[in-house]
Amino acid sequence: DAGVRKIFNEADQIMTDLGFRDGVKRACFEGIGLDRTSIVQPALYIAEVTAYEKFKTYFLPDFTAGHSLGQYPAAWAAGVYPTWQDGLRLVATRGQLMEEAGRTHPGKMAAIMGMTIDEVQELIAGENIQIACHNGPEQTVIGGDIAAVLAFAKSLGKRAKILNVSVAGHTKLMESALEPFAVALDATPMNLPKLGLVLDTTGKMATDVEQIHDAMLQQLVSTVLWMKAVMTLRDNGVGTMVEVGPGRGVLSGLIGKIDPS
């Protein structure tokens, strides 16, 4: 598709100009660099932007929401940035800062199944572990100190799955990224969303630009409230949700567990 090709070519040029030697096309089509946070985040963003470009020629949604990095293409779809290029530059900075924070403060993440968030919270109290994502009634992602997360996951056996990620996002291990990322957010033009935009840091509908800015900043170190975001969409009358992006429909599976209807 010529439109999709044009976006990928331009994204590749932007990434090269920013100093990413391999651009972003090779990451998406050949898997080059997907083990690095600084590459996987722009790759996800641009894959979701191009998928949404095709999707909106058939359907225009009333609301958008995104999980973790997905918050950025969701904000673009809602009209928050004047152009997708603004969002890509912001995401490239985010990925780079998170990768640097991960090098300075290495961490691990694990998905915990079959337990409520309260049960997990009780067990991790006093450990160097935080709840990074509340994904569903009985799915939570934890993150923190490598040894602590590995030991905790081992103690839970089959209920825990170590995630193949290179940093412990949404935990205090990302604190060193806050200040420079705030500068990048200040430099990114943002508008009021034209569609309903649910923020995954608060689980609520965005009502002003400052809220979006703060949510994106705090998302680095605080829990992704995906379950709350989905319930907010449902409470606003949403009956159909469409997952836009690569992968095997992970969010669709989570949504089905939060509300089978």
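Checking the conditions here, which among Ile142, Ile131, Ile162, Ile124 is farther than 30 Å from Val209 by Cα and either surrounded by 16 or more Cβ atoms within 10 Å (Cβ to Cβ) or aromatic (Phe, Trp, Tyr) (or both)?
Within the list Ile142, Ile131, Ile162, Ile124, the selection yields Ile124.
For Phe59, state whether it is modelled with pLDDT of 95 or more and among the aromatic types (Phe, Trp, Tyr).
Taking the combined requirement at face value, the residue does not satisfy it.
Among Gly245, Gly169, which is under 15 Å from the mean Cα position of the chain (by Cα), at positive phi, surrounded by 19 or more Cβ atoms within 10 Å (Cβ to Cβ) and not in a helix (DSSP H, G or I)?
Within the list Gly245, Gly169, the selection yields Gly245.
Could you tell me whether any residue of the stretch 177-184 is part of a helix (DSSP H, G or I), closer than 20 Å to Trp76 by Cβ and of a type in the set (Phe, Trp, Tyr)?
Yes, because at least one residue in the stretch 177-184 is part of a helix (DSSP H, G or I), closer than 20 Å to Trp76 by Cβ and of a type in the set (Phe, Trp, Tyr).
When the stretch 32-59 is examined, which residues are found to be charged (D, E, K, R) and either farther than 13 Å from Tyr72 by Cβ or not in a helix (DSSP H, G or I) (or both)?
Answer for the stretch 32-59, where residues must be charged (D, E, K, R) and either farther than 13 Å from Tyr72 by Cβ or not in a helix (DSSP H, G or I) (or both): Asp35, Arg36, Glu53, Lys54, Lys56.
Say whether the condition of being farther than 30 Å from Ala182 by Cβ and in contact with a strand residue (DSSP E or B) (Cβ under 7 Å, 6 or more places away or on another chain) is met by at least one residue in the stretch 125-137.
No, the conditions are met nowhere in the stretch 125-137.
Working carefully through the options Leu225, Leu220, find the one that is of a type in the set (A, V, I, L, M, F, W, C), open to solvent by less than 60 Å² (accessible area, probe 1.4 Å), in contact with a strand residue (DSSP E or B) (Cβ under 6 Å, 6 or more places away or on another chain) and within 20 Å of Val80 (Cβ to Cβ).
Leu225
All but one of (1) outside any loop (DSSP other than H, G, I, E, B); (2) in contact with a Lys or Arg (Cβ under 6 Å, 6 or more places away or on another chain); (3) of a type in the set (Val, Ile, Thr) hold for Val221; state the number of the condition that does not hold.
It is condition (1) that Val221 fails.
Considering (1) free of Cβ contacts under 8 Å to residues at least 12 places away in the same chain; (2) assigned to a helix (DSSP H, G or I); (3) open to solvent by 50 Å² or more (accessible area, probe 1.4 Å), say which one Gly157 fails and leave the rest.
Failing condition for Gly157: (3).
Among what's in the stretch 60-102 and is under 20 Å from Asp208 (Cα atoms), among the polar types (S, T, N, Q) and in a helix (DSSP H, G or I), pick the residue that is nearest to the chain's Cα centre (by Cα).
Once the filter is applied, the top-ranked residue is Ser68.
Within the stretch 106-121, how many residues turn out to be of a type outside the set (D, E, K, R), open to solvent by 50 Å² or more (accessible area, probe 1.4 Å) and under 22 Å from Ala177 (Cβ atoms)?
Counting residues in the stretch 106-121 that are of a type outside the set (D, E, K, R), open to solvent by 50 Å² or more (accessible area, probe 1.4 Å) and under 22 Å from Ala177 (Cβ atoms) gives 1.
State all residues of the stretch 35-68 that are closer than 22 Å to Glu243 by Cα and exposed (fewer than 14 other Cβ atoms within 10 Å of the Cβ); if no residue qualifies, say none.
Lys54, Lys56, Thr57, Tyr58, Phe59, Leu60, Asp62
Among Asp208, Asp200, Asp235, Asp186, which is the only one that is out of contact with any helix residue (DSSP H, G or I) (no Cβ under 7 Å at 6 or more places or on another chain) and within 16 Å of Gln71 (Cα to Cα)?
Asp208
The values are calculated or read from the model by the stated rules, or taken from the named source; none is laboratory data. Because the structure is predicted, anything quoted here is derived from the model rather than measured. Every residue, glycine as well, gets a Cβ built from its backbone with ideal geometry; the counts of neighbours run over all protein chains shown. Surface accessibility is based on the protein's heavy atoms, side chains included, excluding ligands, DNA and RNA. Shrake-Rupley method; radii C 1.70, N 1.55, O 1.52, S 1.80 Å.
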